[in-house]
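Written out below as structure tokens is the structure these notes cover.
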Amino acid sequence: MARQAGERQPGGSGMSVASSSGAPTRNFGLDVLRSAAIAAVLAFHGYLGLYVSTGLSEWRGWRAALSACGAILGLEWFFVLSGFLIGSILIRNLETGRRWWPSTRDFWLRRWFRTLPNYYLFLAVNALLAWWQIEEGRFAWPFLVFSQSLAWPQQKPLFFSESWSLAVEEWFYFLIALLVGLLGWLLRLERRRLFGCVAGVLIVVPMALRIVATPATHFFEWDESFRRVTVMHLDSIGWGVAAAIANRWHPTWWARRRGLKALLGLFLTAAGMAAMFYFMLRDWHGFAGGRLNDLALMTAPALGTALLLPWLTTRSAPSPAVRRLVARAADHSYSMYLCHLPLMLLILAGIRYFAWDPGGGTGWIFALWLALVWALSALIFAYFEKPLTGLRDRFSRRVQAGPFDAPSASSSASSGAP
């Protein structure tokens, strides 16, 4: 069950942003968002793996709806955050005045050094687990080029099923740079309009594909045939790109009434999750026979997260200890995501092998699993992910990611900012 409903934390940029002096610094609010996203995914998989799959809980009713909300929110947060960071990188790339191909080559190289080593490492790990019959499914060649769920549901039994979201990310990296070059060449637009068109394509096309497709009849069909299919889920990242555009070219709007925008974003997110409860507990054919359900389940949380960013990017850590803890969780989140399900599968295999009834000890197993995830991800980050990511500076130019400078709240007071 944990694998079938599995999520994957996309390999996004780090939380380093450019300070006014040009030196990289961290954005605490973005670190919090990434940490919250991985926490939601771990909670979801921990419940499915250690409680549902062992028979200690049933995946139905409010528990099913609540866990589904956690799964959805975790990935929407990751996708919007990735779109915001990558959008800011590409905007800065274009503003350097470099030609499209050299800047795009550097962009792709930097993304691939960041995401591919860990992905292929855990593709091999999952292949071994499947060979040992600890995991369902079998390795297939499409996983090497991220086409396992490009425009179709992944084949069953599911193998490395959480990789669907990395496939979304990798195709986004590839397509957004191509769209910037192609639309820039065809339309000859100035930068702001060019990026607006790119974000529009990323948002509108997947939404249209979902609307014209045959509606799903229940959650798992929707999850496999819509949410996990790459071409149908690029719009969530597109909302993050739209936020980067607003931050860069509409700084007064970005700075004005940040708190109000954050409240609106939270309302949209809560409304989407309330819709999930309604669909799962009452009637999955809620909106237009299910054809418009995605507006509540995917569009509303993604747009809500984008509206939260102006406020979130201005947050400061309450203490140095909290800042360090959140920064560490954000740094390790990619490795945490990739290693947490293999560790879960090994624990469950051990329970089955020794015919042990976890019963009241499940809480301790859950805590042990989290500790192992934290420790292993720290080792992977320190001795594999970070060293390999660092090699990209030998082959490409560094471009900062994260928020652009915007007017402060005090400077926007005359416009009505709180």
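The values are calculated or read from the model by the stated rules, or taken from the named source; none is laboratory data. These numbers come from a predicted model, not from an experiment. No Cβ is skipped: glycine too gets one built from the backbone with ideal geometry, and neighbour counts run over all protein chains shown. Keep in mind that these areas ignore ligands, DNA and RNA; they rest on the heavy atoms of the full protein, side chains included. Shrake-Rupley method; radii C 1.70, N 1.55, O 1.52, S 1.80 Å.
Run the helix sum for the chain: -39,500 (n - 2.57) per DSSP H stretch of 4+ residues, divided by residue count, reported at 222 nm to the nearest 500 deg cm²/dmol. Could you put the intermediate results ahead of the total?
Values: 13 runs with 252 residues, N = 418.
Estimated from H runs of four or more residues: -20500 deg cm²/dmol.
Roll a 1.4 Å probe over the protein heavy atoms and report the accessible area of residue 86 in Å², nearest 10.
Here the residue's solvent-accessible area equals roughly 0 Å².
Pairs of alpha-carbon atoms within less than 8 angstrom and 6+ residues apart define the contacts here; what relative contact order does the chain have, in percent?
About 29 percent, as a whole number.
Could you order 119, 278, 383, 47 by accessible surface area, starting with the largest, using a probe radius of 1.4 Å?
Accessible-area ranking of 119, 278, 383, 47, largest first: 383, 278, 47, 119.
Sort out the exposed loop trypsin sites (Lys or Arg not before Pro) in the chain (DSSP loop, at most 10 other Cβ within 10 Å) and tell me the longest stretch that has none.
Longest stretch, sites excluded: 283-418.
Using the heavy atoms of the protein chains alone and a 1.4 angstrom probe, what is the accessible area of the stretch 103-218 per residue in square angstrom?
47 Å²
With every protein chain kept in the model, how would you rank 339, 197 by accessible area, 1.4 Å probe, largest at the top?
197, 339
Please list the equivalent ellipsoid semi-axes of the chain, computed as the square roots of five times the alpha-carbon gyration tensor eigenvalues, in descending order and whole angstrom. Spell out each step's value before the answer.
On the way: eigenvalues 223, 120, 101 Å².
Semi-axis lengths for the chain are 33, 24, 22 Å.
What number, in percent, do you get for the relative contact order of the stretch 161-237 if the mean sequence gap of Cα pairs under 8 Å and at least 6 apart is divided by its residue count? Let's see the in-between values first.
Values: 48 pairs, mean separation 32.9, N = 77.
It comes to 43 percent, rounded to a whole number.
Looking only at GluC sites (Glu not before Pro) in DSSP loops with at most 13 other Cβ atoms within 10 Å, what is the longest site-free stretch of the chain?
Details: sites that count: 58, 190.
Segment 191-418 is the longest.
How much length is gained on full extension from residue 252 to residue 372, taking 0.36 nm per residue of separation minus their Cα-Cα distance?
The residue 252-residue 372 span can extend by a further 38.7 nm.
If DNA, RNA and ligands are ignored and the probe is 1.4 Å, what is the ranking of 374, 284 by accessible area, most exposed first?
374, 284
Would you mind getting me the FRET efficiency between residue 189 and residue 322? Use the beta-carbon distance for r and R0 = 41 Å, nearest 0.05.
Efficiency, from the Cβ-Cβ distance: 0.45.
Work out the FRET efficiency for residue 212 and residue 105 from their Cβ-Cβ distance, taking R0 = 41 Å, and round it to the nearest 0.05.
For residue 212 and residue 105, the calculated efficiency is 0.70.
Return the carbon/sulfur percentage of the accessible area of the chain, one whole number, probe 1.4 Å, all protein chains in place.
Here carbon and sulfur together make up 66 percent of the probe-accessible area.
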